[in-house]
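Asker: Here's a structure for you.
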């Protein structure tokens, strides 16, 4: 299970616990409920901030790559051609009979 699924599972369990504690009104349970509510709110805001930060980083990387390709189109074409040639060579090497290359 990845971290995101674990966090969602933990959040769901904590909210379920809060629902079950809803009928009990002792001071200790109220303090626990308040701490859980604060922890859940902090966790949700931290996850939201991390998601926004990651999305901004990806967007900035894509914009930078787009700007670079527009400023240097022939270098980008050369890099893509080189990568395509290397992938084609490796695909041909992998699909060819082994005896052909070793004689």
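Derivation of every value follows stated rules applied to the coordinates shown; laboratory data play no part. Values in this document were obtained by computation on a predicted structure and should not be read as measured data. Glycine gets a Cβ as well: all are built from the backbone with ideal geometry, and neighbour counts include every protein chain shown.
Asker: Compute the helix-to-body angle for 3-20: its Cα long axis versus the longest principal axis of the chain, expressed 0 to 90° and rounded to tens.
Answerer: 10
Asker: Under a plain spin-label model, where a point goes 7 Å from the Cα along Cα-to-Cβ, how far apart in nm are residue 62 and residue 76?
Answerer: The modelled label-to-label distance comes out at 1.4 nm.
Asker: Take the chain, connect every pair of alpha-carbon atoms lying under 10 Å apart with a spring to form a Gaussian network, then pick out the residue of 36, 18, 93 with the largest mean-square fluctuation.
Answerer: Of 36, 18, 93, the Gaussian network model singles out 93 as fluctuating most.
Asker: A follow-up question, please. Separation between the residue 94 and residue 50 pseudo-spin-labels, each 7 Å from Cα along Cα→Cβ, expressed in nm?
Answerer: Spacing of the two 7 Å Cα→Cβ label points: 3.3 nm.
Asker: Another question, if that's okay. Rg over Rh of the stretch 1-57, using C-alpha atoms and the Kirkwood radius, what does it come to?
Answerer: On the way: Rg = 14.0 Å, Rh = 12.7 Å.
My calculation puts Rg/Rh at 1.11.
Asker: So which residue, out of 57, 91, 14, gets the largest mean-square fluctuation from a GNM of the chain using Cα contacts under 10 Å as springs?
Answerer: Taking springs between Cα atoms under 10 Å, the residue moving most is 91.
Asker: To the nearest 10 degrees, how steeply does helix 27-71 sit against the main Cα axis of the chain, on a 0 to 90 scale?
Answerer: Taking Cα atoms only, the helix is inclined about 20 degrees.
Asker: Given 0.36 nm per residue, what is the gain on full extension from residue 86 to residue 10 after removing their alpha carbon distance, in nm? Write out the running numbers ahead of the final one.
Answerer: On the way: separation 76, 0.36 × 76 = 27.36 nm, distance 4.55 nm.
Here the segment from residue 86 to residue 10 would lengthen by 22.8 nm.
Asker: On alpha-carbon atoms, Rg over Rh for the chain using Kirkwood Rh?
Answerer: Numbers: Rg = 27.1 Å, Rh = 19.5 Å.
Answer for the chain: 1.39.
Asker: Roughly what angle does helix 73-95 make with the longest principal axis of the chain, taking Cα atoms, 0 to 90 degrees, to the nearest 10?
Answerer: 80
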